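Everything below concerns the one structure shown next.
The values are calculated or read from the model by the stated rules, or taken from the named source; none is laboratory data. Nothing here was measured: the structure is a model prediction, and the numbers come from that model. Note: ideal-geometry Cβ built from the backbone for every residue, glycine included; neighbour counts use all protein chains shown. With ligands, DNA and RNA removed, areas are computed over all heavy atoms of the protein, side chains included. Shrake-Rupley method; radii C 1.70, N 1.55, O 1.52, S 1.80 Å.
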Amino acid sequence: VRDSNDPFFVPFNSSQFTTGAGFLLKKEKYVVGLSLPRLIKGTVRQGPTSIQVYDQHLYLMGQYRLLLTERLRLKPAALVRYTPETPLSFDLNASINLDGLYSVGLFTRNFSTVGLLAQLILSEYRL
């Protein structure tokens, strides 16, 4: 039931500036990055009520490349996401790459989801 006197059902528009920051360090054998995509919390006011639209997320990632043979590389990687008032989230994956053209691997999120990664590079396109 829609109540036109209820302030939470009154349409309103709001715009707010936001910005983010991060860094990525990339070397031949590893990559490390840290990102805070929203430095400013997303909060709007509707009358006396403050509504949090989104919260800040902090991402930390890393990847290492191990040369197994001249043609074969192992690439383990991790992503950690922190959001206030929620548990840490972990993404882990490992892939094997052949000749820089074919990759296959496994990934997991918080050890509750498991998946398969596959990549094929054709000329300038990745599938």
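Brief remarks on what is shown
- Accessible-area composition of the chain, carbon plus sulfur, in percent [1.4 Å probe]: 60 percent
- Largest-first principal axis extents, alpha carbons of region 55-127, Å: 45, 25, 20
- Potential lengthening between Leu98 and Val32 on full extension [0.36 nm per residue; Cα-Cα distance subtracted]: 21.5 nm
- Whole-Hz couplings from phi, Karplus 6.51/-1.76/1.60, listed for region 52-61; x for Gly and Pro: 7, 7, 8, 10, 6, 10, 10, 10, 10, 9
- Thr86-Ile40 FRET efficiency (beta carbon distance; Förster radius 30 Å; 0.05 resolution): 0.95
- Calculated SAXS-style log₁₀ I(q)/I(0) at q = 0.09, 0.11, 0.12 Å⁻¹ - the chain, Debye, Cα scatterers: -0.46, -0.61, -0.69
- Given charges at beta-carbon only (K, R positive; D, E negative), |dipole| of the chain in Debye: 360 debye
- Our estimate of slack between Leu120 and Ile51, defined as 0.36 nm per intervening residue step minus the Cα-Cα distance, is 20.4 nm.
- In order along region 90-101, the phi-based Karplus estimate (6.51 cos²θ - 1.76 cosθ + 1.60, θ = phi - 60°) of 3J(HN,Hα) comes to 10, 10, 10, 8, 8, 9, 10, 10, 10, 6, x, 10 Hz; Gly and Pro are listed as x.
- Spin-label pair Phe17/Thr108, simplified geometry with 7 Å Cα→Cβ offset, distance in nm: 4.5 nm
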